[in-house]
Amino acid sequence: MPDTKPILRSYRRADFERLLAIDRVCFPKSIAYGRREMKAYLQAEGAHCIVAEVLREIAGFVLTERGDEFAHVITLDVLQQHRRQSVGSHLLDAAEQEAASQGAALMYLETATTNKAAIALWKKHGYRETATIENYYGRGQHAYQMQKLLARDARLKTKNAAES
């Protein structure tokens, strides 16, 4: 059996249509990002997108944005056939490392209160619920805001390297 460990790489403009399609199959129509919205997030200042490939096909991606001290997971999408194979964990770990290397001390996100699989993934990675946002995804569709302190050692390594 071939090695199916995901290969992570940075987003390329040529990936756009595939990422848009993946987001549309991962989320209900009322939640999935539209073309303009996805493009705006990808092009925003502080945006960072990591793509996971399995057997040379895009299996998922994570899109984040960051400011000086905080990073925000905009979306973490993994195709159904690649779930429960650590693709999401690899993407999340890479996004956290990247954000910490740029000085972010905290990563936060929103997730549907009904998405038990996602909540389990976030908790497995150390995220904790900090608030409930009513009607975040529309009427009667609430979200948890979750957050995690990022590894201090990753931020220190980056700061020390910059000062050298």
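The values are calculated or read from the model by the stated rules, or taken from the named source; none is laboratory data. Keep in mind that what you see is a predicted model, and the values were worked out from it rather than measured. We place every Cβ from the backbone using ideal geometry, glycine too, and count neighbours over all the protein chains shown.
As a summary of the residue check, residue 21 satisfies the conditions (1) closer than 20 Å to residue 116 by Cα; (2) not in a strand (DSSP E or B) except for the one numbered (1).
Selection of first residues in the range 91-111 that are free of Cβ contacts under 8 Å to residues at least 60 places away in the same chain and of second residues that are assigned to a strand (DSSP E or B) and among the basic types (Lys, Arg), restricted to Cβ pairs under 8 Å at least 6 apart or on distinct chains, gives the following pairs, ordered by first then second residue: 96/148; 99/66; 102/66; 104/66; 106/148; 107/148; 108/148. Taken over the range 24-60, the criterion of being in a loop (DSSP other than H, G, I, E, B) and touching a Lys or Arg at 6+ places or on another chain (Cβ under 9 Å) is satisfied by 32, 33, 46.
Within the range 44-67, is there a residue that is closer than 24 Å to residue 132 by Cα and modelled with pLDDT under 95?
First pass over the range 44-67, keeping only residues closer than 24 Å to residue 132 by Cα: 62-67.
Keeping just the survivors that are modelled with pLDDT under 95 gives 66-67.
Scanning the range 44-67 turns up at least one residue that is closer than 24 Å to residue 132 by Cα and modelled with pLDDT under 95.
If the condition is being touching a residue at least 24 places away in the same chain (Cβ under 8 Å) and under 13 Å from residue 31 (Cβ atoms), then the range 132-151 contributes 136, 137, 138, 141, 142, 143. Look at (1) farther than 19 Å from residue 37 by Cβ; (2) modelled with pLDDT under 95 and you find that residue 106 fails only one, number (2).
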